[in-house]
Amino acid sequence: MLPPSTTGQILDPDLPVVSLALDIQREQGAPHTHPRAQLLYSIEGVMRVVTTLGTWLVPSTQAVWIPSMIEHQVIATDSIAIRSIFVDPAWTAGLPEDCCVIEVDPLLRALILRAVRVGNRYPPQGPERRLMDVILDELRQMRRAPLHLPMSSHPKVRRVIDALVRQPADTGTVEQWAARTGTSGRTLSRLFVKETGMSFGAWRRRLRLMEAIDRLGRGESVTRVAFELGYQSSSAFSAMFRSELGVSPKRYATQDRS
């Protein structure tokens, strides 16, 4: 278990924003709190974020906002690349007071990466400090994500979820997955709804949709994404995508979402 970073413990109003770069592989961080609020973001890979208020699976198109002193934990089922920022308590006015999943648009992503390059020692006046002010402005306008993946702490549901995250194209039925986890299809279906608020099929569809959004954002073709996510045709994939988001995947990939 990884020890918690000390970055969130830095208290200095002259450093309104500090950052953290951390690459981890199939590891989990110890539950912890810190006085700085945090935008917990992974530029690569899907992370599981566990808080006292909820648990989510978060792809690289999203981040989790964690207010000051909220206990949380990061779990990586595969390699992830964290590039996270922390806001001093003196500068959190106007920012959310609850945990939430937010969209990370290209501008916010670029600002986070720039903050990491600047580091955590910069003068109170100058271009570095102005960059941090821009980040604060962007955070005050951050948009809550309309789609997110709820998680579960139940061992049987989590076993299925972890496997699907590793292989979202899997087409196994709920009965087949129930057999693999030593339970019945009816019980697993009930557990999924109880634990995540979604049926097994709806949860897997949401996983594929979010994986598709991530891949399309990286420039992969609609056809490649469709087949690699287990769809028999790009038209079937496009129909699912349009039913969920109201636009075709091609249009979604090219429209300005900033």
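Figure legend. Inter-residue proximity from segment 111-137: first residues in contact (Cβ under 8 Å) with a residue 60 or more places away in the chain, second residues loosely packed, with under 15 Cβ neighbours inside 10 Å and small (Gly, Ala, Ser), beta-carbon distance below 9 Å, spacing 6+ or different chains. Indicated pairs: LEU136/GLY94.
Conditions tested, residue by residue: (1) of a type outside the set (A, V, I, L, M, F, W, C); (2) farther than 23 Å from VAL157 by Cβ; (3) in contact (Cβ under 8 Å) with a residue 60 or more places away in the chain.
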position: GLU195; (1), (2), (3): yes, no, no
position: GLY201; (1), (2), (3): yes, no, no
position: LEU207; (1), (2), (3): no, no, yes
position: GLU211; (1), (2), (3): yes, no, yes
position: GLY219; (1), (2), (3): yes, yes, no
position: THR223; (1), (2), (3): yes, yes, no
position: ALA226; (1), (2), (3): no, yes, no
position: PHE237; (1), (2), (3): no, yes, no
position: ARG242; (1), (2), (3): yes, yes, no
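Take ARG218 and tell me if it is of a type outside the set (Asp, Glu), under 19 Å from ARG166 (Cβ atoms) and exposed (fewer than 14 other Cβ atoms within 10 Å of the Cβ). Yes. Whether a residue is touching a helix residue (DSSP H, G or I) at 6+ places or on another chain (Cβ under 8 Å), in a helix (DSSP H, G or I) and at negative phi was assessed, and VAL116 does not pass this test. Does ILE85 satisfy the criteria of being assigned by TED's automatic domain parsing to the domain that holds THR33, assigned to a strand (DSSP E or B) and more than 13 Å from the chain's Cα centre (by Cα)? Yes; evaluated as a whole, the condition is true for this residue. Where helices (runs of 4 or more DSSP H) sit wholly within segment 190-258, those with at least 1 residues that are of a type outside the set (Phe, Trp, Tyr), over 18 Å from SER60 (Cα atoms) and modelled with pLDDT under 90 occupy 234-245, 249-254. Could we say that SER5 is under 23 Å from MET132 (Cα atoms), free of Cβ contacts under 8 Å to residues at least 40 places away in the same chain and in contact with a Leu (Cβ under 9 Å, 6 or more places away or on another chain) here? Against the criterion (under 23 Å from MET132 (Cα atoms), free of Cβ contacts under 8 Å to residues at least 40 places away in the same chain and in contact with a Leu (Cβ under 9 Å, 6 or more places away or on another chain)), SER5 qualifies.
Of everything listed in (1) surrounded by 17 or more Cβ atoms within 10 Å (Cβ to Cβ); (2) under 15 Å from the mean Cα position of the chain (by Cα), the single unmet condition for HIS34 is (2).
For first residues located in segment 150-167 and on the phi < 0 side of the Ramachandran plot, partners that are of a type in the set (Gly, Ala, Ser) and lie 6+ apart or on another chain with Cβ distances below 8 Å form the pairs PRO150/GLY54; PRO150/GLY197; LYS156/GLY182; ARG158/SER152; ILE161/SER152. Pull up segment 135-182, narrow it to residues that are surrounded by 15 or more Cβ atoms within 10 Å (Cβ to Cβ) and hydroxyl-bearing (Ser, Thr, Tyr), then point me to the one that is farthest from ALA110 (Cα to Cα). Step by step, filter segment 135-182, then rank; the result is THR181. Which of the residues that make up segment 46-80 are farther than 15 Å from ILE161 by Cα, free of Cβ contacts under 8 Å to residues at least 60 places away in the same chain and not β-branched (Val, Ile, Thr)? Selection gives LEU53, ALA63, PRO67, SER68, MET69, GLU71, HIS72, GLN73, SER79. For segment 158-208, the set of residues classified as closer than 22 Å to ILE75 by Cα, touching a Phe, Trp or Tyr at 6+ places or on another chain (Cβ under 6 Å) and aliphatic (A, V, I, L, M) consists of VAL160 only. Screening THR52 on (1) over 21 Å from LEU15 (Cα atoms); (2) modelled with pLDDT of 95 or more; (3) of a type in the set (Ser, Thr, Tyr) shows it passes everything except condition (2). The criterion of being in contact with a His (Cβ under 9 Å, 6 or more places away or on another chain), surrounded by 22 or more Cβ atoms within 10 Å (Cβ to Cβ) and either among the β-branched types (Val, Ile, Thr) or within 16 Å of PRO150 (Cβ to Cβ) (or both) holds for GLN62.
Being at pLDDT below 90, within 26 Å of ILE24 (Cβ to Cβ), small (Gly, Ala, Ser) and surrounded by 15 or more Cβ atoms within 10 Å (Cβ to Cβ): is that true of ALA115 here? Before you say what the answer is, go through the steps one by one.
Details: at pLDDT below 90: no; within 26 Å of ILE24 (Cβ to Cβ): yes; small (Gly, Ala, Ser): yes; surrounded by 15 or more Cβ atoms within 10 Å (Cβ to Cβ): yes.
When the stated conditions are applied, ALA115 does not pass them.
The values are calculated or read from the model by the stated rules, or taken from the named source; none is laboratory data. None of these values were measured; they are calculated from a predicted model. Using ideal geometry, Cβ is built from the backbone for each residue, glycine included, and neighbour counts are taken over all protein chains shown.
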